[in-house]
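Here's the structure, in structure tokens; my notes come after.
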Amino acid sequence: QLDNIFKHASLRAVVSTADRTSLLSAVESADNVSRLSEIDCRSLHGRIILVKDNICTTQLPTTAASGILKNFTSPYDATVVKLLQDAGALIAGKTNMDEFGMGSHNIHSYHGPTTMGRIGVEERSAGGSSGGSAVAVATDQCWTALGTDTGGSVRLPAAYTGTFGFKPSYGLLSRWGVIAYANSLDTVGILGNDVDSIEATFDILNVYDSKDPTSLNLSTRSRLSPRKISSSSLRIGIPLDYNISTLSSTVREAWKHSLQRLQERGHSLHTVRLPATQHALSAYYVLAPAEASSNLARYDGVRYGSRAKGVDGTPESVLYAKTRGEGFGSEVQRRILLGAFSLSAQAIDNYFIQAQQVRRLVQQDFNRVFQTPNVLVDGSTHSENEGVDVLLCPTAPTLAPQLSEVENQDPIQAYMNDVFTVPASLAGLPAISVPVDIAEKDRQPKLKAEDVRENAGMQIIGQYGDDKLVLDVARELT
Ligand code: GLN
């Protein structure tokens, strides 16, 4: 895997790497230890793990793929990084992303886009914003990789690259040392080539952290059911509102096949309605930029961020404007303006407040269809045998689009890719994207060995805290 990091440098999945010689000797000594003690395959000891570049590390720079943080190295490690290191993992490098997590194709990066390679003659989108982590996993540059998922940034790249991408329930994994995009939605997620490696990484990270005020407290953690699939059959929900007209026929076919597969394994299928889904995307694109505009105010060249050249001694307004104008990319500037507008006195009632109400409706939709009550909602009950255990739907409406196509797209088109991932984010629910086969007739002819994987991403969404169940259903699908 270490060799692959250097071999695949042209994909730009990894933007900074630890010193090769020390990594090699760390791997070697880890190998010796494992041979001596026969460490089990779920151990993180000596595993190469890559970390998205918005997660703070003391040994490597943390740029969040932004010009404004191009010279930043954190004085502390994020809690998730520390936990991995304590478990014996080797943090070999940092992965490419869309600037501050804003994007769906990894094209908005100070380091240049990550690409997944080609299908036929065309370069395909790696997905975003954790595109670097997904490509690194797909090309075997690491065992697992950390990403962050605010509205789909782990699941979408997983779907586009044929890998697994897991977004745990909000608040389970510490955000301390993770550069904030939209605090109420940000989660650390995990990408891998199978469910076992993801679960092993998740188990190490799934602990309370007193440094993160939104970390789920111990008493609520103790009320989450540790439920895994037993011999009993599950009730699988098919959300009809996800069967939209822009869903590609290839993905719809793959969805049907996945449902059949679960049925063959003894689970029962049930259609459900989630009517607020149709407004979820618009609500997300009001709420996330609003939080971002406030979070990104700190990068002004005085408190944080690389100051523009030649502005010392100029009035503050000039210093700020030049620094921010030069340091932030165009998509980030667009989000800041959008967010500042929707929070302004003239717009807050029509945009921000409305979007929060939609968010509440989306949460209620999910709570209504799940059999298990949501531990975060007081007095929430559900009559036995009525609800479903998990939902199964596509991760994205299409397979990975061509890079040339998305580079010239207007922003709204890019936002549309998140239509199936944002509802679980708004509700803070666990969700995983699983790569499934597509029909033979939909495959590109003449796919060469070095070409990318051609899968569709299927998403399993569970009730809050049902993370283990979601992982187990993902295993059933593979
Ligand atoms: N594509 C979405 C956005 O741009 C999601 C990003 C994310 O999850 N970080 O906001």
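Of the conditions (1) modelled with pLDDT under 95; (2) over 22 Å from the mean Cα position of the chain (by Cα), Phe72 satisfies every one except a single condition; which number is it?
For Phe72, the exception is condition (1).
For region 181-210, how many residues meet the condition of being within 16 Å of the ligand (Cβ to nearest atom) and part of a loop (DSSP other than H, G, I, E, B)?
Counting residues in region 181-210 that are within 16 Å of the ligand (Cβ to nearest atom) and part of a loop (DSSP other than H, G, I, E, B) gives 6.
Output the residues belonging to region 109-125 that are in contact with a Phe, Trp or Tyr (Cβ under 9 Å, 6 or more places away or on another chain) and either modelled with pLDDT of 95 or more or under 18 Å from Ser16 (Cβ atoms) (or both).
Selection gives nothing.
Tally up the residues in region 415-429 that are surrounded by 21 or more Cβ atoms within 10 Å (Cβ to Cβ) and outside any loop (DSSP other than H, G, I, E, B), please.
6
For Leu391, indicate whether it is crowded, with 20+ Cβ neighbours inside 10 Å, in contact with a strand residue (DSSP E or B) (Cβ under 9 Å, 6 or more places away or on another chain) and in a strand (DSSP E or B).
yes
From the list Gly171, Gly177, Gly165, Gly132, exactly one residue is within 12 Å of the ligand (Cβ to nearest atom), touching a residue at least 40 places away in the same chain (Cβ under 8 Å) and small (Gly, Ala, Ser). Which is it?
Sole residue among the options that is within 12 Å of the ligand (Cβ to nearest atom), touching a residue at least 40 places away in the same chain (Cβ under 8 Å) and small (Gly, Ala, Ser): Gly165.
Given (1) assigned to a loop (DSSP other than H, G, I, E, B); (2) within 16 Å of Gly147 (Cα to Cα); (3) away from the ligand (no atom under 16 Å from the Cβ), identify the lone condition not met by Pro75.
Among (1) assigned to a loop (DSSP other than H, G, I, E, B); (2) within 16 Å of Gly147 (Cα to Cα); (3) away from the ligand (no atom under 16 Å from the Cβ), Pro75 violates only (2).
So in region 116-129, with the set limited to residues that are assigned to a loop (DSSP other than H, G, I, E, B) and away from the ligand (no atom under 16 Å from the Cβ), which one is nearest to Thr395 (Cα to Cα)?
Per the criteria, the residue is Gly120.
For Leu262, indicate whether it is assigned to a loop (DSSP other than H, G, I, E, B) and either within 16 Å of the ligand (Cβ to nearest atom) or at pLDDT 95 or above (or both).
It is false that Leu262 is assigned to a loop (DSSP other than H, G, I, E, B) and either within 16 Å of the ligand (Cβ to nearest atom) or at pLDDT 95 or above (or both).
Can you spot a residue in region 276-295 that is surrounded by 15 or more Cβ atoms within 10 Å (Cβ to Cβ) and touching a strand residue (DSSP E or B) at 6+ places or on another chain (Cβ under 8 Å)?
Within region 276-295, one or more residues are surrounded by 15 or more Cβ atoms within 10 Å (Cβ to Cβ) and touching a strand residue (DSSP E or B) at 6+ places or on another chain (Cβ under 8 Å).
On the given criteria, is Ala254 closer than 29 Å to Val14 by Cα and modelled with pLDDT of 95 or more?
So Ala254 does not fit the description; no.
Please go through region 146-162 and give me each residue that is within 15 Å of the ligand (Cβ to nearest atom) and in contact with a helix residue (DSSP H, G or I) (Cβ under 8 Å, 6 or more places away or on another chain), ordered by number.
Once the filter is applied, which keeps residues that are within 15 Å of the ligand (Cβ to nearest atom) and in contact with a helix residue (DSSP H, G or I) (Cβ under 8 Å, 6 or more places away or on another chain), region 146-162 yields Leu146, Gly147, Thr148, Asp149, Thr150, Gly151, Gly152, Ser153, Val154, Pro157, Ala158, Tyr160.
Check Asp378, Asp365 and return the single one that is away from the ligand (no atom under 16 Å from the Cβ), acidic (Asp, Glu), closer than 29 Å to Asn206 by Cβ and part of a helix (DSSP H, G or I).
None of the other options fit; the residue is Asp365.
Among the residues that make up region 239-248, is at least one of them within 16 Å of the ligand (Cβ to nearest atom) and either part of a helix (DSSP H, G or I) or farther than 26 Å from Leu343 by Cα (or both)?
no
Do you know which residues across region 394-408 are surrounded by 16 or more Cβ atoms within 10 Å (Cβ to Cβ) and either in a helix (DSSP H, G or I) or over 20 Å from the mean Cα position of the chain (by Cα) (or both)?
Within region 394-408, Leu403, Val406 meet the criteria.
Could you please find all residues in region 301-347 being basic (Lys, Arg) and without any contact (Cβ under 8 Å) to a residue 60 or more places away in the chain?
Arg303, Arg307, Lys309, Lys322
The values are calculated or read from the model by the stated rules, or taken from the named source; none is laboratory data. It should be emphasised that the depicted structure is a prediction, and the values quoted were computed from it without experimental measurement. All Cβ positions, glycine included, derive from the backbone under ideal geometry; neighbour counts span all protein chains shown.
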